[in-house]
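Visitor: Before I ask anything, here is the structure I am working with.
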Amino acid sequence: MNSREVMLREIGLTPIWQARGVPGAVGDSTASKIAASEADIAVTIAEPAVTAVATPAAVPETPSAELPVDGAPGQLAHHDRAATIANMSWDELTASIAKCTACKLCKTRTRTVPGVGDRSPLWMVIGEAPGEQEDKRGEPFVGKAGQLLDAMLAAVGKKRGDGVYIANVIKCRPPGNRNPEPDEIAACEPYLWRQIALAQPKLLLAAGKFSGQTLLNREDTVGAMRASGGNYESIPVVVTYHPSYLLRTPTEKAKAWDDLMKACTLVP
């Protein structure tokens with residue numbers, strides 16, 4: 001057993017994900033030569049042990065970072081708010097997100113979930129919205145979907161916090177994990193645009209429909225966006241299925257692996 005196989009088995013990823021004849025695939029020479037049909041591919045992610053995730057320290061109160069809600073008396077207009085966010089540093093951005101009241105989700109959240117990882121990444125993974133565990137801990141992708149995402153990244157030699165930054169389109173959990181609404185996305189978009197501008201990633205991996213639609217500025221299905229891809233501000237965007245969807249629909253994991261292969265071909 002070679003070192004890569006040992007590494008993948010240690011993180012609970014068995015059997016090793018295999019490319020289906022995709023140019024530029026990563027992995028050992030034996031795995032990369034296997035050409036399997038859709039029916040022959042069965043990818044199983046073993047349930048890894050859940051490890052404790054440290055609760056991020058509370059963001060200190062910074063009056064200058066607080067932005068009023070659009071539309072209330074004496075508040076900044078929407079374009080002024082976006083312009084203010086567009087000039088924030090990482091620390092100012094994090095403080096502003098923590099105190100944001102720009103949409104109704106501020107009334108139901110436990111914690112805001114700004115993002116985590118390498119602030120000068122090659123890859124930036126963008127999900128849709130925080131779930132229950134993320135809302136409690138203030139960090140994106142920390143539940144079972146996060147474990148699957150970490151395993152997927154590890155399978156192509158990537159790691160959360162090491163060349164990878166992870167964020168969501170919206171920074172507060174929608175009640176009951178419902179889909180984010182248009183006004184909620186619009187309120188959070190300036191934060192996402194600033195995160196991308198500060199991070200300057202070489203590739204954006206959009207996990208889920210709302211992430212792909214936001215980055216590509218189009219109303220389409222995940223399947224259609226996977227097929228065509230696109231760019232955001234000259235940064236290539238690869239759209240894939242959200243890990244939560246893959247947990248519910250494991251037959252689509254082979255397609256997600258294809259998406260990872262495509263991403264690795266664009267930006268190793």
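Visitor: So how much slack lies between Glu252 and Asn179, counting 0.36 nm per residue of separation and subtracting their Cα-Cα distance, in nm?
Guide: 24.2 nm is the gain from fully extending Glu252 to Asn179.
Visitor: Right, another one. Please label the shape of the stretch 109-268 as rounded, prolate or oblate, based on the square roots a ≥ b ≥ c of the eigenvalues of the alpha-carbon gyration tensor (a/c under 1.5 means rounded; beyond that, a/b larger than b/c means prolate, else oblate).
Guide: Rounded, because the longest to shortest axis ratio a/c is under 1.5.
Visitor: So, one more: Please give the Cα centre distance for the stretch 209-268 versus the stretch 104-129, rounded to the nearest Å.
Guide: Rounded to whole Å, the Cα centres lie 18 Å apart.
Visitor: Distance cut-off 28 Å, Cα to Cα: go down the list Lys144/Lys255; Lys136/Lys202; Lys202/Lys255 and report the pairs above it.
Guide: Distance filter (> 28 Å) returns Lys136/Lys202.
Visitor: Can I ask one more? With a cut-off of 8 Å between alpha carbons and a minimum separation of six or more residues, what is the relative contact order of the stretch 78-224 in percent?
Guide: So the answer I get is 33 percent.
Visitor: Sticking with this structure for a sec: How much accessible area per residue does the stretch 124-268 have, counting only protein heavy atoms and a probe of 1.4 Å, in square angstrom?
Guide: 36 Å²
The values are calculated or read from the model by the stated rules, or taken from the named source; none is laboratory data. Remember, predicted model here, so these are calculated numbers, not experimental data. Areas reflect the complete protein model, heavy atoms only, side chains present, ligands, DNA and RNA absent. Shrake-Rupley method; radii C 1.70, N 1.55, O 1.52, S 1.80 Å.
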